[in-house]
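The values are calculated or read from the model by the stated rules, or taken from the named source; none is laboratory data. Keep in mind the model is a prediction, meaning the values are calculated, not measured. FYI the Cβ positions are ideal-geometry reconstructions off the backbone, even for glycines, and counts take in every protein chain you see.
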Amino acid sequence: DSGVTQTPKHLITATGQRVTLRCSPRSGDLSVYWYQQSLDQGLQFLIQYYNGEERAKGNILERFSAQQFPDLHSELNLSSLELGDSALYFCASSRSGTSGPGELFFGEGSRLTVL
Amino acid sequence: AQSVTQPDIHITVSEGASLELRCNYSYGATPYLFWYVQSPGQGLQLLLKYFSGDTLVQGIKGFEAEFKRSQSSFNLRKPSVHWSDAAEYFCAVGPPSGTYKYIFGTGTRLKVLA
């Protein structure tokens, strides 16, 4: 158990819909990362938040947005869903202080299926 | 451009055989290096990491990795593979400072024959 909790574990929805994925980081971790894992693209970095602020952005579509709340949990919002958005979405957390990157602790992922 | 290459998409070994998974990186400076393992239906779990110091690092489950600066490589090894090691293995790099944008390789899927 990594200590990172993601909900829901599975989600099936239709094209054009909007979903929200939730992540609770490990206790004490200030950074949250979102990754998308699909068969053809591997593990793609989407976005990172540190203590409530956006820290780094990767290949995140404009239809996707995220935020980190004061209690440090994070949500990834996916809108106008397309078939190609079907993937496993991972959240990871780390202490990620000023002394350099620490290891990432991954949740078990949210599997999104868009029909 | 920063990148991580895992040249072997699939590797099959017999149980008890030795294993080496390759990882090469392209980076402006010496990055922080990691190996993660993903079992089916699970998240990624850290096997080992290299930040500095001894270039041979030991990890969990009997794995080790060696950092070779001259070859920009960080290969993962295990002397004797167990059937439970069947999984997907990811090499990753992280910058030594600044925004901590980790880059993952595309993964190597390991199959273990009984």
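Before moving on, here are some points about what is shown:
- Among the residues of region B:26-44, those that are crowded, with 17+ Cβ neighbours inside 10 Å and either at pLDDT below 90 or facing another protein chain (nearest Cβ under 7 Å) (or both) comprise B:Tyr27, B:Pro31, B:Tyr32, B:Phe34, B:Gly43, B:Leu44.
- In region B:45-70, the residues that are more than 14 Å from chain A (Cβ to nearest Cβ) and either assigned to a loop (DSSP other than H, G, I, E, B) or hydroxyl-bearing (Ser, Thr, Tyr) (or both): B:Asp54, B:Thr55, B:Phe63, B:Ser70
- Condition check for A:Phe69: surrounded by fewer than 18 Cβ atoms within 10 Å (Cβ to Cβ), among the aromatic types (Phe, Trp, Tyr) and at pLDDT 95 or above: yes
- A:Leu81 being assigned to a strand (DSSP E or B) and either of a type in the set (S, T, N, Q) or over 23 Å from B:Tyr36 (Cα atoms) (or both): no
- Each residue in region A:18-44 was checked for being under 30 Å from B:Thr108 (Cβ atoms), modelled with pLDDT of 90 or more and not polar (S, T, N, Q), and 9 pass.
- The single condition among (1) within 11 Å of another protein chain (Cβ to nearest Cβ); (2) in contact (Cβ under 8 Å) with a residue 40 or more places away in the chain that B:Ser73 does not satisfy is (1).
- Any hit, region B:9-25, residues being under 15 Å from B:Val93 (Cα atoms) and in a strand (DSSP E or B): yes
- Residues of region B:68-77 satisfying the condition of being more than 9 Å from the chain's Cα centre (by Cα) and either within 16 Å of B:Ile103 (Cα to Cα) or crowded, with 21+ Cβ neighbours inside 10 Å (or both): B:Ser72, B:Ser73
- Count - residues of region A:39-66 that are of a type in the set (Lys, Arg), within 11 Å of chain B (Cβ to nearest Cβ) and loosely packed, with under 15 Cβ neighbours inside 10 Å: 1
- Taken over region A:16-53, residues that are touching a residue at least 12 places away in the same chain (Cβ under 8 Å) and not in a loop (DSSP other than H, G, I, E, B) amount to 23.
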